[in-house]
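Only one structure is covered here, and it is reproduced in the block below.
No value in this document is a laboratory result; all are computed from the given coordinates. Computed from a predicted structure; not experimentally measured. Here the Cβ positions follow ideal geometry from the backbone for every residue, glycine too, while neighbour counts run over all protein chains shown.
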Amino acid sequence: MSERKYWVGFNMVRGIGAARVRALLDYFGSLEEAWHAPAEELREAGLDRRSLANLLALRSRIDLDREMERLQRADVQVFTWEDEDYPRRLRQIYNPPPVLYVKGTLLPQDDWAIAIVGTRRPTNYGREAARMLGEGLARQGITVVSGLALGIDAEAHRAALDAGGRTIAVLGSGFRHLYPAQHKELARRIVQQGAVISEYALDVRPEASNFPPRNRIISGLSMGVVVVEAGEKSGALITAAFAAEQGREVFAVPGPIFHHPSKGTNRLIQEGAKAVTSVQDILEELDLTMVAEQQEARLTIPTSELEERILACLEEAPKHVDEVVQELGEETARVISTLTLLELKGLVRQVGPQQYRRVGG
């Protein structure tokens, strides 16, 4: 779409994120209108002095058509909120990235995804656990998400690839500065069996401040996050915190109480994360024992308007069938049959007698 280049343009402006993009869309109706708007109107739309100065400076020097050509030459696709193929789970988090840069493919089956994260300096025990979980999940048709970092992340990606499964890596930089550099070959393999994605423009370097926002994407793409090994101040714990905020399940692999890399995971378990000793623990907790059947159901049975309304109704908390019927003004029998279909698709879960909740955000 011709509008896409303006999304790319605003995404390159320091200080303009999801909230300001929404404000600009509300005020102007399109980012094309906003891009060409005079400074006074941009102020009225809510841009502060610094963001406005950054936008005007970028606007004066960048050729958006040339930027789109650079992305095309680098084999990078661009997805925005307006695209149907923008990942469903990620769209549902608070302030999802307005733009995703993608190498490889994002498929509907990636809706069944689990993140595996952990320390960059794992023990042999941690490496073995990450490989066991990555391989086991991939063999069940579940996409493994991680951050391409040294240590646990890389082990999880490689295990999924070696098992013939899909995996997604989320960067904390632009594609021209892939980090860490020694993982270029791993990234190439991931592109063949999944995707490498980033919210950052091509030339953005891997600054430390980029990685916490990157972690919210890792958890946002996933039904749950598994922390394998993590010290008490590990970035993996930030990912777990985002998962909890997003309503995703948090899992942790227990470890020896005297080992520093297990302090973070053991504390997560004390705070309520589910202890993981096998792939089966994850599958049972998330009702993922029938992933293949759920994938087939979603592909073969079109989504109806009533399904969408019921999912929206269950957005915040579990509800009884009677509550859903009352809120939607639909017949009880029709709501029950649609909930049954949604359960078959793996989109809702029964959590009590005639009580349903939405699955995975």
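Result for the chain in a Gaussian network model with C-alpha springs under 10 Å: among V226, V253, V324, the largest mean-square fluctuation is at V324. Think of the chain as having a plus end and a minus end, set by charges on the Cβ of Lys, Arg, Asp and Glu; of S262, T167, V226, S262 sits farthest toward the positive end of this dipole. Among A317, A230, A195, the largest mean-square fluctuation in a Gaussian network model of the chain (Cα springs under 10 Å) belongs to A317. Within the listed set R166, R66, R127, the residue fluctuating most in the Gaussian network model of the chain (springs between alpha-carbon atoms under 10 angstrom) is R66. Computed from phi, the 3J(HN,Hα) profile of the stretch 170-183 under the Karplus parametrisation 6.51, -1.76, 1.60 (θ = phi - 60°) reads 10, 8, x, 7, x, 5, 7, 10, 4, 10, x, 4, 6, 9 Hz, with x in place of Gly and Pro. Measuring r between the beta carbons of A57 and R267 and using R0 = 45 Å, the FRET efficiency lands at 0.50. The amide H of V348, built 1.01 Å from its N in the peptide plane, has E343, V359 as neighbours under 5 Å, considering only residues 5 or more places off or on other chains.
Cross-link check: pairs K319/K345; K233/K274; K5/K103 evaluated at a Cα-Cα cut-off of 25 Å; no pair lies beyond the cut-off. Once you reduce the stretch 168-204 and the stretch 73-115 to the center of their Cα atoms, the two points are 14 Å from each other. Once the C-beta distance of D48 and S209 is scaled by a Förster radius of 25 Å, the resulting FRET efficiency is 0.85 to the nearest 0.05.
Once the gyration tensor of the Cα atoms in the chain is diagonalised, the equivalent ellipsoid follows with semi-axes of 33, 29, 19 Å, ordered largest first. Distances between placed amide hydrogens fall under 5 Å for L148 paired with V170, all partners being 5 or more residues away or on another chain.
Net length available on complete extension from D287 to D85 is 70.3 nm, with 0.36 nm assigned per residue and the Cα-Cα distance removed. Near A208, once Lys and Arg are set to +1 and Asp and Glu to -1 for all other residues with Cβ below 15 Å from its Cβ, the sum equals +3.
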